1. Out of (1) open to solvent by less than 80 Å² (accessible area, probe 1.4 Å); (2) within 14 Å of the chain's Cα centre (by Cα), what's the single condition that is false for A:Tyr109?
2. Tell me whether segment B:52-62 contains one or more residues that are open to solvent by less than 30 Å² (accessible area, probe 1.4 Å), not polar (S, T, N, Q) and not in a helix (DSSP H, G or I).
3. Looking at B:Phe126, is it open to solvent by 30 Å² or more (accessible area, probe 1.4 Å) and either away from chain A (no Cβ under 14 Å) or not charged (D, E, K, R) (or both)?
4. Can you name the residue in segment A:177-196 that is within 14 Å of chain B (Cβ to nearest Cβ) and part of a helix (DSSP H, G or I) and is also nearest to A:Tyr116 (Cα to Cα) among such residues?
5. Quick one: what pairs do we get from segment B:178-207, first residue at the interface with another protein chain (Cβ under 9 Å from one of its Cβ atoms), second open to solvent by less than 30 Å² (accessible area, probe 1.4 Å), C-beta under 6 Å, 6+ apart or different chains?
6. Conditions: (1) in contact (Cβ under 8 Å) with a residue 24 or more places away in the chain; (2) in contact with a Cys (Cβ under 9 Å, 6 or more places away or on another chain). A:Tyr43 meets all but one. Number of the miss?
7. For the structure I just gave you, tell me whether B:Thr175 is without any contact (Cβ under 8 Å) to a residue 40 or more places away in the chain and more than 14 Å from every other protein chain (Cβ to nearest Cβ).
8. Against the definition (of a type outside the set (Asp, Glu), part of a helix (DSSP H, G or I) and in contact (Cβ under 8 Å) with a residue 60 or more places away in the chain), how does B:Tyr141 come out, yes or no?
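The values are calculated or read from the model by the stated rules, or taken from the named source; none is laboratory data. Source: prediction; values computed, not measured. Note: ideal-geometry Cβ built from the backbone for every residue, glycine included; neighbour counts use all protein chains shown. For accessibility, only protein heavy atoms count, side chains too; no ligands or nucleic acids. Shrake-Rupley method; radii C 1.70, N 1.55, O 1.52, S 1.80 Å.
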Amino acid sequence: MSRTTFFEVEILDSKTKEQLCFLDKVEPHSSIAEIKSLFHKSYPKWYPARQSLRLDPKGKALRDDDILQNLPVGTSASIYFKDLGPQLGWTMVFLVECLGPLLIYLLFYLRVPYIYSKKYTFTSSTHPVVSLACACHSFHYIKRLIETIFVHRFSHGTMPLRSIVRNCAYYWGFAAWLAYYINHPLYTPPSFGERQVNYALIVFVLCEAGNFSIHWTLNSLQCEGAGSKCRRYPRPSKNPFTWLFFFVSCPNYTYEVGAWVGLSIMTQCVPVALFTLVGFAQMTIWARGKHKTYIREFKDYPNLRMPILPLIL
Amino acid sequence: MSAPAMGTSKTAHDSSNKKKRGPGTLATAYLVIYNVVMTAGWLVIAVGLVRAYLARGSYHGLYYSIEKPLKFFQTGALLEILHCAVGIVPSSVVLTGFQVMSRVFLTWAVTHSVREVQSEDSVLLFVAAWTITEIIRYSFYTFSLLNHLPYLIKWARYTFFFVLYPMGVAGELLTIYAALPYVQKTGLYSITLPNKYNFSFDYHTFLILIMISYIPLFPQLYFHMMRQRKKVLGHVDEYSKVE
């Protein structure tokens, strides 16, 4: 007759080392995720996403899919707990980050009181490019919202509240700054007139379509698990927009930069150009990280590909 | 004089110590030359200030007598950002960049650009603070690189700041404050709407924001130096007891 050895798990606070919870009769093949939900039962305010469990108070956090009996602990395990603070799911994060700029821009477009001088309140600009810019900006963020809800699958579960506040300050602040100038009563339309606006609009539309195609392609990759372990890396398909995959690892970022370049030229507005520049710098950092990961995970990764700009960067 | 134990104490902060990968021989030679030149430069400024004071009999308007070497050597400090970026100095590029840029900003974008403040006494206040600080700092680096750091220099570096830091900050803030009315009157470095790039910038407001930024930044830097002092000079007592 075989007897299953049960584990005992005590959970200690990683700072004060006091025992917060004692679990006995824990199945040896329990995962950390299961232990987190058991801990959550005793402490309802610490939902699993907030918990960081480690074997050493200063060590690395254990993964949710680690199995108890595979860890270097005896049958009596001491695990240290750290509170990661309030967390927000990635979907919520993206929604909040996108709704802000969308609505803030509209406030400036409609010229609500106290932004510009009183005589301009609720007036509309005489320049057609201003309405066009509003439509494009709004389209960009509405598309993002729709993608967030229906298209994206997010890898890591959550993001800490502090990061969200910082990110929102950045996105919302920049949106307000560029909206202020575009919708200003003293706005000057582009130097090369309609031609400049039309060409820039074409660039913008193509890049938005490209960006969407890439997101769609990434979504249809077969990836499993929270760690975004995909069996294959993204490749070009019949859709011409995906042919950028021949040249770059992250064409979604390439197209995103392209769309903002289009918008900068369309509005001929320095703050938009600055936002494009900062965004480009940040996305380049992300693209290089992703590129390195691809190279590491797939031995047959194509040599021609650069992280974000074909043949250059 | 300098007990050998002091010279090899664990000051990871700022000394390009040979324990880590550290600069090679060529880089070390270059850095020694750089630091010696900077020490000499700031000594020139110090001497210039003293001579001008003795010649004039008052401490007003001394800026004009050291204007050129001040600009040259303070701007030359931009090289230190390069040193960090290349890796021959183990400091953070961002931190060094921030410190040097703030000095360069004050030298060129405030004092040089707004002539009317050049005769203010607040300019002497920060120039004097900078001069003494830099002479000590660059000789500290020079001696550290040569592995012969006199305790006096180390002590001075981590003690004089108690007075020099607030002195420098006071001088800088008073100078910026003095510049405000002239900047507003002339619209210096400012762009207004409408213009074809749809951008505006008000240098007057910008200077006020800079002044406000001193409030959170200065205490942080001050307490950082105090912590460094404890770390660097803290265990001196133990050594003297042991010996």
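1. (2)
2. Yes, segment B:52-62 has at least one match.
3. Working: open to solvent by 30 Å² or more (accessible area, probe 1.4 Å): no; either away from chain A (no Cβ under 14 Å) or not charged (D, E, K, R) (or both): yes.
Judged against the criteria, B:Phe126 is not a match.
4. If we filter segment A:177-196 for residues that are within 14 Å of chain B (Cβ to nearest Cβ), which is where we start, we get A:177-193, A:196.
Narrowing the set further to residues that are part of a helix (DSSP H, G or I) leaves A:177-182, A:193, A:196.
On the way: A:Trp177: 13, A:Leu178: 14, A:Ala179: 12, A:Tyr180: 9, A:Tyr181: 10, A:Ile182: 12, A:Gly193: 25, A:Gln196: 27 Å.
My answer is A:Tyr180.
5. B:Asn198/A:Tyr181; B:Asn198/A:Tyr187; B:Asn198/A:Cys269
6. (1)
7. Numbers: without any contact (Cβ under 8 Å) to a residue 40 or more places away in the chain: no; more than 14 Å from every other protein chain (Cβ to nearest Cβ): yes.
In short, no.
8. Working: of a type outside the set (Asp, Glu): yes; part of a helix (DSSP H, G or I): yes; in contact (Cβ under 8 Å) with a residue 60 or more places away in the chain: yes.
Judged against the criteria, B:Tyr141 is a match.
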